[in-house]
1. If you plug each phi of region 30-35 into the Karplus form 6.51 cos²θ - 1.76 cosθ + 1.60 with θ = phi - 60°, what whole-Hz ³J(HN,Hα) values come out, in order, with x for Gly and Pro?
2. Fully extended, how many nm does the chain gain between SER31 and ASN5 (0.36 nm per residue separation, minus their Cα-Cα distance)?
3. What order do you get for 7-13, 25-31 when each peptide is scored by the mean count of other beta carbon atoms within 10 Å, highest first?
4. Accessible surface of ARG24 in the full protein assembly, 1.4 angstrom probe, to the nearest 10 Å²?
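The values are calculated or read from the model by the stated rules, or taken from the named source; none is laboratory data. All values derive from a computational prediction rather than experimental measurement. Using ideal geometry, Cβ is built from the backbone for each residue, glycine included, and neighbour counts are taken over all protein chains shown. All accessible areas refer to the heavy atoms of the entire protein, side chains included, with ligands and DNA or RNA removed. Shrake-Rupley method; radii C 1.70, N 1.55, O 1.52, S 1.80 Å.
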Amino acid sequence: MTATNASNTDWTTLQQAEDVAYFRADLCLYSPESYSLKEKRGVSL
């Protein structure tokens with residue numbers, strides 16, 4: 001049962017990271033002049 005909880009935690013962490021990545025990318029696309037080239041590069045990673 002512990003392995004299942006760890007697996008669920010891993011999936012939750014991955015889903016949250018994906019949500020943040022899409023959010024940051026959307027912000028960058030919405031207002032590209034607000035970000036430096038270095039920041040834009042960081043969003044794509």
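1. Ordered by residue, 3J(HN,Hα) equals 5, 9, x, 6, 7, 10 Hz.
2. Details: separation 26, 0.36 × 26 = 9.36 nm, distance 3.90 nm.
Contour length minus Cα-Cα distance gives 5.5 nm.
3. Numbers: 7-13: 10.0, 25-31: 11.6.
So the order, starting with the most tightly packed, is 25-31, 7-13.
4. 110
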